[in-house]
Amino acid sequence: MQTIRKIAHALAGIMLCMAYSQARAGNFDKEWFRIFGRWDGDELRADNIQLRLPDKDTTKGQVSGRIDKINYQQRTLLIGPFTINWSDDTRFDHITPDQLKVGMTLKVSGTIAGLNRFMPRRIGLESSPYAPGSLQVTGLSSPSTERLDGEHAFTVLNIPVHTTQNGYNIFKSLIRRQDVRRPDDQFKFNLLGKPVTIGGEYDLNPVFRDDFDLKRNEQDGSVRLDQELKLEAFYPISNFTAVFLSFKGITGSRFNMASDSTDRTAVELARDETWILFDRIAGTGFGLQFGNQNVSETREWWWDKDMDALRFYYNHGPIHFELMGGKQIGGESTLQSIDPEHDEVYRVMGLASWMWRSKQRLEFFFLKQWDRSSRDTPGRVIKRVNRDTYDDDMAWFGFRAIGELGLDDYGTLNYWVDVAGVHGDETVYKYQSIDNTPLTKVDRVNQNTVNGWAFDIGAFWTLPVKYEPTFTLSYARASGDSDPNHGGNSTFRQTGINRNKWRFNGVNRFRVYGELLRPELSNLGILTTALGVRMLKNSSIELVYHKYDQVEAIGNLRDANINAAPNGINKDIGQELDLVMNFREWKRLEIGVTAAVFDPGKAFDDKKDLAYSISLDVNYNF
């Protein structure tokens, strides 16, 4: 407890120092922003504000929106408040001037020339169509002021902008998952003078997988078909208070290729995000969120989970701070009240993020976890679905540096450095299956003191040419122990609420440690290289290679996705090749195709075979 108190004090000190350094400046003063919002005819209501790399020419900018009017004779078109006048020098991408039509969504780059007049250097189609009134602008902001209603006001490209946000370094998880993309024209109706937004998504995910036991001449192939329908409602009670409710129906079917295996189908209704948010409390940068909420961070290396929690946060300009605490409560779904791995697990977690420069952040993390679930004893017989392999009383702590560097004519370089440590006590349970029954027996129990470390460092370079080819190189390593269950264990393990999903320059997230093996970063060194391209309007293809080696040779891979254990003699786990394709060419529809092959290394016996999988993900947002 003393350790957590010290960490909390340190994070609070960092937050207060950074907040003080910004106290004399407005929250949106003279920065380059990309702003998405709704134009009401007089001003732009900003819903999403991102800091962009500055340009030497302060008149430069970008405008994206629907064409409201066209005058072909005068070579002008109207997008929101902007009159855009093209010339013979204007470059048109994937479209010609005679193809322009009212209602079409364009992206226009150029310079501002007087009040609401924009001289385009380049005109192209946006990756997805906008709803009427939706507008995105990029440019240099004016000094900002705070209005009497508590909103911040400033101008970008000479048009007035206002926002309820108190900063531009805001984690999207305060509203919903980072990988969720909803259309901006969702169904709405008024309730007590405020709009209720109704939406959701349908997800279809068939997966074929084979040879996950790595054994030749043994049939273990299967087809899984998962479906999920999510319904959600967002209601802003006031400018700074909102309620979000979401529920989902799930079906999961598994069809086995082996004739002696049983096919299974499960249907459940599940509770999703359900929370209330109080922002800008008493006109400050502090806020409070309570309920089942998505707790996530950029790379999902530390955490990404829907959990019952109370979250206290602070936003001011480039500063973001969060302190969260909670535990899962029952009623998660009709099939399982609560996952045994998270039953009676109490967590306190926090992060401090400072966007010290455009597109560059320093972040500090900590998590303390107490597992107060019942302790099993050797010989006890329990249901197999109630197995809980680890009871952890631990603390994680670390930092991240992440950002994007402009290389002028050589493109952009994105980098990241994650460093983490873990300390605490763990109880490890080994189970023995009871044949032909849904039961299992506790075989033995080990208790250890844990001290471990890990890092993940990498970069990807995107060239400024057609198809935006992107080259990625990274290396992650976590400490191990050759004898982990003898009182002391130096093996690092991740928090258990991480997903390890991110994206390089592609349009969607994927598992950055392998789509097939999916290991936890624990007692492993993982070398990753990748080549990706962007194509069409908003699609990408990435070829990703991973090489896996144990730090210490032991007969276990923590939380891996294959049904085979290494021999504990050789460190060579193997290599994997993933092909990740994502298509976002439509307003509401997303399609992803992922193929993966795992080639086991010398840590597996001589009869090893390739494991492979292919999956399709069809997602419809509404």
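Among the residues of segment 446-453, are any part of a loop (DSSP other than H, G, I, E, B) and either under 17 Å from Glu300 (Cβ atoms) or of a type in the set (A, V, I, L, M, F, W, C) (or both)? So far as segment 446-453 goes, no, none of its residues is part of a loop (DSSP other than H, G, I, E, B) and either under 17 Å from Glu300 (Cβ atoms) or of a type in the set (A, V, I, L, M, F, W, C) (or both).
In the set (1) surrounded by fewer than 19 Cβ atoms within 10 Å (Cβ to Cβ); (2) touching a residue at least 12 places away in the same chain (Cβ under 8 Å); (3) assigned to a loop (DSSP other than H, G, I, E, B), the condition left unmet by Tyr130 is number (1).
Here's the yes/no breakdown for (1) surrounded by 15 or more Cβ atoms within 10 Å (Cβ to Cβ); (2) hydrophobic (A, V, I, L, M, F, W, C); (3) not assigned by TED's automatic domain parsing to the domain that holds Gly80:
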{"residue": "Ser109", "(1), (2), (3)": "yes, no, no"}
{"residue": "Leu125", "(1), (2), (3)": "yes, yes, no"}
{"residue": "Val137", "(1), (2), (3)": "yes, yes, no"}
{"residue": "Ser141", "(1), (2), (3)": "yes, no, no"}
{"residue": "Ala153", "(1), (2), (3)": "yes, yes, no"}
{"residue": "Ile159", "(1), (2), (3)": "yes, yes, no"}
{"residue": "Val180", "(1), (2), (3)": "yes, yes, yes"}
{"residue": "Asp184", "(1), (2), (3)": "yes, no, yes"}
{"residue": "Lys188", "(1), (2), (3)": "no, no, yes"}
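Note on segment 160-198: residues that are of a type in the set (A, V, I, L, M, F, W, C) and either at pLDDT below 90 or touching an Asp or Glu at 6+ places or on another chain (Cβ under 7 Å) (or both) total 6. Taking (1) outside any strand (DSSP E or B); (2) over 14 Å from Leu140 (Cβ atoms) in turn, Arg38 satisfies each apart from (1). Regarding Leu557, is this residue aliphatic (A, V, I, L, M) and either under 21 Å from Asn498 (Cα atoms) or crowded, with 23+ Cβ neighbours inside 10 Å (or both)? So Leu557 fits the description; yes.
Restricted to segment 534-553, and to residues there that are of a type in the set (D, E, K, R) and in a strand (DSSP E or B), the residue that is modelled with the lowest pLDDT is Arg534.
Here the condition is being closer than 25 Å to Gly398 by Cα, of a type in the set (S, T, N, Q) and surrounded by fewer than 20 Cβ atoms within 10 Å (Cβ to Cβ); of Ser261, Ser353, Ser333, Ser358, it holds for Ser358 alone.
Are any residues in segment 565-622 surrounded by 17 or more Cβ atoms within 10 Å (Cβ to Cβ), of a type in the set (A, V, I, L, M) and in a loop (DSSP other than H, G, I, E, B), and if so, which ones? Ala603, the sole residue that qualifies. Looking across segment 454-481 at every residue that is among the hydrophobic types (A, V, I, L, M, F, W, C) and not in a strand (DSSP E or B), the one that is farthest from Phe366 (Cα to Cα) is identified as Val465. For segment 234-243, the tally of residues that are in contact with a Ser or Thr (Cβ under 7 Å, 6 or more places away or on another chain) and buried (at least 16 other Cβ atoms within 10 Å of the Cβ) stands at 2. Are any of the residues in segment 509-522 polar (S, T, N, Q) and within 24 Å of Asp617 (Cβ to Cβ)? Looking for residues that are polar (S, T, N, Q) and within 24 Å of Asp617 (Cβ to Cβ), one finds none in segment 509-522, hence no.
So that you can scan it fast, the table gives a plain yes or no per residue for (1) without any contact (Cβ under 8 Å) to a residue 60 or more places away in the chain; (2) surrounded by fewer than 23 Cβ atoms within 10 Å (Cβ to Cβ); (3) not assigned by TED's automatic domain parsing to the domain that holds Ile237:
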{"residue": "Lys305", "(1), (2), (3)": "no, yes, no"}
{"residue": "Asn315", "(1), (2), (3)": "no, no, no"}
{"residue": "His320", "(1), (2), (3)": "no, no, no"}
{"residue": "Ile329", "(1), (2), (3)": "yes, yes, no"}
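Figure legend. Inter-residue proximity from segment 571-591: first residues within 17 Å of Val544 (Cβ to Cβ) and at pLDDT 95 or above, second residues small (Gly, Ala, Ser) and part of a strand (DSSP E or B), beta-carbon distance below 6 Å, spacing 6+ or different chains. Indicated pairs: Asp578/Ala596; Leu579/Ala595; Asn582/Ser540; Asn582/Gly592. Does Gly167 satisfy the criteria of being touching a Leu at 6+ places or on another chain (Cβ under 6 Å) and either buried (at least 18 other Cβ atoms within 10 Å of the Cβ) or over 30 Å from Phe247 (Cβ atoms) (or both)? Spelling it out, it is not the case that Gly167 is touching a Leu at 6+ places or on another chain (Cβ under 6 Å) and either buried (at least 18 other Cβ atoms within 10 Å of the Cβ) or over 30 Å from Phe247 (Cβ atoms) (or both). Being within 30 Å of Asp599 (Cβ to Cβ), assigned by TED's automatic domain parsing to the domain that holds Lys587 and either of a type in the set (S, T, N, Q) or surrounded by 14 or more Cβ atoms within 10 Å (Cβ to Cβ) (or both) holds for only one residue in Leu225, Leu277, and it is Leu225. Can you say whether Tyr390 is surrounded by fewer than 17 Cβ atoms within 10 Å (Cβ to Cβ), in contact with a strand residue (DSSP E or B) (Cβ under 8 Å, 6 or more places away or on another chain) and more than 23 Å from Asp376 (Cβ to Cβ), as far as the supplied structure shows? Answer is no for this residue. Here Thr470, Thr440 are screened, and the one residue that is in contact with a strand residue (DSSP E or B) (Cβ under 8 Å, 6 or more places away or on another chain), surrounded by 15 or more Cβ atoms within 10 Å (Cβ to Cβ), among the hydroxyl-bearing types (Ser, Thr, Tyr) and closer than 30 Å to Arg534 by Cβ is Thr470. Of all residues in segment 437-466, those that are free of Cβ contacts under 8 Å to residues at least 40 places away in the same chain have Cβ atoms under 7 Å from Cβ atoms of residues that are buried (at least 18 other Cβ atoms within 10 Å of the Cβ) and charged (D, E, K, R), 6 or more apart or on another chain, in Phe455/Asp418; Phe455/Arg477.
The values are calculated or read from the model by the stated rules, or taken from the named source; none is laboratory data. These numbers come from a predicted model, not from an experiment. We place every Cβ from the backbone using ideal geometry, glycine too, and count neighbours over all the protein chains shown.
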